[in-house]
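Engineer: Right, I'll just put the structure down here and ask away after.
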Number of protein chains: 2
Amino acid sequence: MHPRGGEIGAEASERPDVEKARSLLASGEPAELRSYLEAFHPSDLADLIESLDKGERASIISIMPDELASETLAEMEESAHPEDLLIADPRRVTELVRELSDDDAADIIGDLPVDKQREVLAQLPREEAGELRELLSYDEESAGGVMTTEVVAVPEGATVIEAVEEIKRQVAEGEDFYSVFVVDEGGKLRGTVSLQDLIIQPPEKPIREVTEPAFAVVPARMDQEDVARLMSRYNLVAVPVVDPVGRLIGRVTFDDVMDIIEAESTEDILRLAGGSAEEHLGGTAADAIKRRLPWLYVNMLTISIAALVVYVYQPTIQRAVVLVVFMPVIAALGGSAGTQALAVTVRRLALSPERKGAWNVVLKEVRVGLVNGAAVGLVAGLVGFFLDGGGFALGIVVMAALWLNLIVAGFAGAFVPVLLESLGADPAIASSVFVTAFTDLAGFFFLLALGSWLLNL
Amino acid sequence: MHPRGGEIGAEASERPDVEKARSLLASGEPAELRSYLEAFHPSDLADLIESLDKGERASIISIMPDELASETLAEMEESAHPEDLLIADPRRVTELVRELSDDDAADIIGDLPVDKQREVLAQLPREEAGELRELLSYDEESAGGVMTTEVVAVPEGATVIEAVEEIKRQVAEGEDFYSVFVVDEGGKLRGTVSLQDLIIQPPEKPIREVTEPAFAVVPARMDQEDVARLMSRYNLVAVPVVDPVGRLIGRVTFDDVMDIIEAESTEDILRLAGGSAEEHLGGTAADAIKRRLPWLYVNMLTISIAALVVYVYQPTIQRAVVLVVFMPVIAALGGSAGTQALAVTVRRLALSPERKGAWNVVLKEVRVGLVNGAAVGLVAGLVGFFLDGGGFALGIVVMAALWLNLIVAGFAGAFVPVLLESLGADPAIASSVFVTAFTDLAGFFFLLALGSWLLNL
């Protein structure tokens, strides 16, 4: 979870081999496995361990040296942590946690049951435990939850050379930093000073004169997605996090933002696809089954309304079975057009939710449906015309149904997420499950009602 | 497109108002509009201008001062650039481009027709034009296409204090930097030196002794997605870009990576939703119509095979219309399960394509389909049992069809993207359009063939 300069030994190109690790694990030679693993970067080891099964994960982590194990845990998806191992051995957790920066430590401790958290915290030095308790008090998806409290801060009364000395003292612990914050005696944030300026400016210059106002300051409770959007929008390498009275309490850095952007995009994609945003991408089949099944049942419920329409119109179908041939086309194209509108709208809201004119988006999508509906309706209508042996009725019914359906699809695809957003909900939960159920319902109704009406003429 | 420290005047919280800008534009008071716009950050102005229509965009940019106009253009999506304006006035483009860092300049010039590019380049100083020509020679989505050539490099023979002097000379132009590269006399990359070390280490120490090997070095032709993955994986703030013989030619920074991650996620979402990855999120209805219609026609083609199955089984339907009631359920649940599997698989491949065992993913999805298919099949079967007035035939047909369909859905949702990936294609083009057409086809076939068979018993 931490930015790196060039201080790491391993090259980015080498990757550990799963089968090799597995066979070393099976051969019962922990020393050999340990020295094999030590050649790799924790990010790569995290990947390796995530693709093993639960028992293997615990065994590998239990034989890794503390520093490597802790950094690897920090890089792993939390859902892949060997919880049983961690819960069973709070002493080992304490050792691991001591190796980590406080935000990574808090992530690992935060996953433990409350009584185990207490046990671990009790074994840590008082100051460290206090910082971790504070971090644990924030929502995991807020600025406070992703920040580290390890900031480099200099007093506003210092000179450049004094600031440099102060920095030398503070960064002895080896953490990389990209920004230096300036604080007053009460710890309140006064601004930032760039590393360049510290290198370039004359040593005796007062820090006050090279302090710039912080371009963005983030309250600890701000949602991580908003923090990420802010930093990505203004290309910020780090932002200071402050408490309600403006005291500097931490910082969020670009590498957290990369992780957040990736994680939030994954969540949106899984939600839009009608799945659970909590599913772990490399998870087991059992995990996937448990996460997805509820959504399939939801889909059964929503789709049963469309099925009910068909149920009601059975007599019509009996008299004109050919209508059924067009049901897949209506359902597929309505679903497709609805999903297109939905994806564009949800993504637009995700990337710039503060942009005005969201309701214009609904209008735009209806216009798209109007044109594209006519375009595909015409083709389907022609097919209907030929299937009907040159009669006009079927063609007209099919064309009208498809056309209307694509207008409804455009409307639903844009309206539902915009409505959810304006109600403060996540627009991505308007997943394709709901939109396609809606377009199916509308489409089948148009097809069968129009069909029934024309047949009765 | 460039990282910022605290050197920007505007606060992140202020945003320009579209209606205000519009009315100032309409009132014909360019001076007033100009002073209104000058209060904002280029990223916010870019957003404002993107939500205006074509004519307004050109007028606003034409009255903006050069520096602000150029930075705003650099922050805008390229599809929203006022091309007509830029094409009509190469002299103005030259002025704009001179204000920008070379990568942003290359992006703007790259969008012009070749003859206009030449005109602009001819008006620039020889060295600047040469650098831009080099940048323009790279694929827009490669490391060379996103890098800037503005690197801070120090000779490996220098001492710390000499390096600091060298840096002071190089960064006079005001660009932020986060890493200092070390090169030999031939310009070949030798490693990096951290800013911390320059601040902390004794001035007379040789740079060689504080040089670390570059953790990752990127060839100019590397795909931008791979660069982003590398930097995000190892939490790198910047990576050096080298030519085929290892000479340092540029760098890619974290802010480029944030943009790339966002853009690639957007593309994946739009593709998965059966749309075009090239659609501009804030684009007009006309743009959306043009981008999406081809995919709707593709969908018509793929779905027509499912419709053909229904066409063939019309006699069966005639004898048992109630089968049709289950068609929406089969189509929706098969589509939903297929899309769930697809989204998880595509996302997994996008985030760690080098992970081994992709074929295990197919097996996993088949197992998910096996269990979830049985779970939903049972419910649908029960409904069938009641609709059939207590007869077993319908319930068994419905249950078996849904079950089989969800197995097929899991298989198709995982197999198609894994296959595409292993063939070197983008797995996201296995959009829901194809997977749902496939599950519809399979589902209707199972339902109608089984129905026909049981009816004939």
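Engineer: Taking the Cα centre of chain B as origin and charging only Cβ (+1 Lys, Arg; -1 Asp, Glu), how large is the dipole, in debye to the nearest 20? Please report the intermediate quantities before stating the final value.
Structural biologist: Details: 36 positive and 72 negative charges, 653 e Å.
So the dipole magnitude of chain B works out to roughly 3140 debye.
Engineer: Here's a follow-up. Rounded to the nearest 0.05, what FRET efficiency is calculated for B:R118 and A:D89 with R0 set to 51 Å and r the Cβ-Cβ distance? Before the final figure, lay out each step's value.
Structural biologist: Working: r = 69 Å, r/R0 = 1.35.
In this case the efficiency is close to 0.15.
Engineer: Roughly speaking, what is the centre-to-centre gap between the stretch B:233-250 and the stretch A:41-74 when only Cα atoms are used, to the nearest Å?
Structural biologist: 29
Engineer: Right, next: In terms of the Cα gyration tensor, with a ≥ b ≥ c the square roots of its eigenvalues, is the stretch B:76-206 rounded because a/c is under 1.5, prolate because a/b exceeds b/c, or oblate?
Structural biologist: Cα axes put the stretch B:76-206 in the prolate bin.
Engineer: Assigning unit charges at the beta carbon (Lys, Arg +1; Asp, Glu -1) and nothing else, what dipole magnitude in debye, to the nearest 20, does the stretch A:15-118 show about its Cα centre?
Structural biologist: Around 380 debye, computed over the stretch A:15-118.
Engineer: With unit charges on the beta carbon (Lys/Arg positive, Asp/Glu negative), name the residue among B:A74, B:V312, B:G335 whose Cα is farthest towards the positive pole of the charge dipole of chain B.
Structural biologist: Ranked along the dipole, the leading option is B:V312.
Engineer: In degrees from 0 to 90, rounded to the nearest 10, what is the angle of the helix B:254-272 Cα long axis to the longest principal axis of chain B?
Structural biologist: 20
Engineer: Test of the criteria: in the stretch A:361-415, which chymotrypsin sites (Phe, Trp or Tyr not before Pro) are in a DSSP loop and have at most 16 other Cβ atoms within 10 angstrom of their Cβ?
Structural biologist: Listed in order of number, the matching sites are A:F392.
Engineer: Rounding to the nearest 20 debye, state how big the charge dipole of the stretch B:285-456 is about its Cα centre with +1 on each Lys and Arg Cβ and -1 on each Asp and Glu Cβ.
Structural biologist: With only Lys, Arg, Asp and Glu charged at Cβ, the dipole is about 240 debye.
Engineer: Hey, how many Å between the Cα centroid of the stretch A:309-339 and the Cα centroid of the stretch A:76-101?
Structural biologist: Cα centres, the stretch A:309-339 to the stretch A:76-101: 55 Å.
Engineer: Helix A:126-136 sits at what angle to the longest principal axis of chain A, using alpha carbons and giving 0 to 90 degrees rounded to 10?
Structural biologist: That works out to roughly 10 degrees.
Engineer: Can you give the relative contact order of the stretch A:285-411 as a percent, counting alpha carbon pairs under 8 Å and 6+ residues apart?
Structural biologist: Answer for the stretch A:285-411 is 29 percent.
Engineer: Averaged across A:342-349, how many Cβ atoms of other chains sit within 10 Å of each residue's Cβ atom?
Structural biologist: Mean inter-chain Cβ contacts per residue within 10 Å come to 6.
Engineer: Given the options A:S194, B:F446, A:G246, identify the residue whose Cα lies farthest towards the positive end of the charge dipole of the protein assembly as shown (+1 on Cβ of Lys, Arg; -1 on Cβ of Asp, Glu).
Structural biologist: B:F446
Engineer: For each of B:E279, B:E19, count neighbouring Cβ atoms within 10 Å of the residue's Cβ, then give the residues from fewest to most.
Structural biologist: B:E19, B:E279
Engineer: On a 0 to 90° scale, report how tilted helix B:393-422 is relative to the longest principal axis of chain B, with both axes built from alpha carbons and the result rounded to the nearest 10.
Structural biologist: Its long axis makes an angle of about 30 degrees.
Engineer: Give me B:D388, A:D17 ranked fewest to most by other Cβ atoms within 10 Å of their Cβ, as a rough exposure proxy.
Structural biologist: Ascending Cβ contact count within 10 Å gives the list A:D17, B:D388.
Engineer: Sequence gap at least 6, Cα distance under 8 Å: using those rules, report the relative contact order of chain B to the nearest whole percent.
Structural biologist: On the way: 646 pairs, mean separation 51.1, N = 457.
Relative contact order comes out at 11 percent.
Engineer: Here's something else I'd like to know. Please tell me which of these pairs span more than 29 angstrom C-alpha to C-alpha: A:K364/B:K364; A:K168/B:K188; A:K205/B:K205? All intermediate terms of the calculation are to be shown ahead of the outcome.
Structural biologist: Working: A:K364/B:K364 40 Å; A:K168/B:K188 31 Å; A:K205/B:K205 25 Å.
Pairs exceeding the cut-off: A:K364/B:K364; A:K168/B:K188.
Engineer: If you don't mind, there's one more thing I want to ask. Could you work out, residue by residue across A:230-242, how many beta carbons of other chains sit within 10 Å of that residue's beta carbon, and then give the average as an integer?
Structural biologist: That works out to 5 on average.
Engineer: Counting other beta carbons within 10 Å of each Cβ, put A:E212, B:E185 in order, fewest first.
Structural biologist: Final ranking by Cβ density, sparse to dense: B:E185, A:E212.
Taken together, the values in this text are just the output of simple stated rules run on the coordinates, not laboratory data. Quantities reported herein were computed from a predicted structural model and do not represent experimental measurements. Cβ atoms come from the backbone with ideal geometry, glycine included; neighbour counts cover every protein chain shown.
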